């Protein structure tokens, strides 16, 4: 799960320019995350599911809360 936490910090740094951001204000698709993180959609899906298990994110309307 530490890989998921590291991914989350990388994602927050990439999207919001703040790797320690602790609040969410957008719902985005897996494809959006995969594009921004330069990875496959499958890999982004795996990481985001792990982030949900750590209560870092959640699903809403078919997207991911970031």
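At a 10 angstrom cut-off on C-beta neighbours, averaged per residue, how do the peptides 19-26, 55-62 rank from highest to lowest? Walk me through the intermediate numbers first.
Values: 19-26: 10.4, 55-62: 12.9.
The packing order, highest mean first, is 55-62, 19-26.
With a/c under 1.5 counting as rounded, go ahead and sort region 2-65 into rounded, prolate or oblate using the C-alpha gyration tensor (a ≥ b ≥ c being the square roots of the eigenvalues; past the cut-off, prolate if a/b is larger than b/c, else oblate). Write out the running numbers ahead of the final one.
Values: a/c = 1.19, a/b = 1.11, b/c = 1.07.
It is rounded, given that a/c, with a ≥ b ≥ c, falls under 1.5.
Which length gain, in nm to one decimal place, applies between residue 17 and residue 2 when the Cα-Cα distance is subtracted from 0.36 nm times their residue separation? Before the final figure, lay out each step's value.
Values: separation 15, 0.36 × 15 = 5.40 nm, distance 2.04 nm.
Contour length minus the Cα-Cα distance gives 3.4 nm.
Normalised by the number of residues in region 2-65, what is the relative contact order in percent for Cα pairs under 8 Å and 6+ residues apart? Intermediate results must be reported in sequence, preceding the final value.
Numbers: 61 pairs, mean separation 22.0, N = 64.
Once divided by the residue count of region 2-65, the mean separation gives 34 percent.
Read the figures in this text as sums done on the coordinates, not as results from a lab. Because the structure is a prediction, the values reported are computed rather than measured. Every residue, glycine as well, gets a Cβ built from its backbone with ideal geometry; the counts of neighbours run over all protein chains shown.
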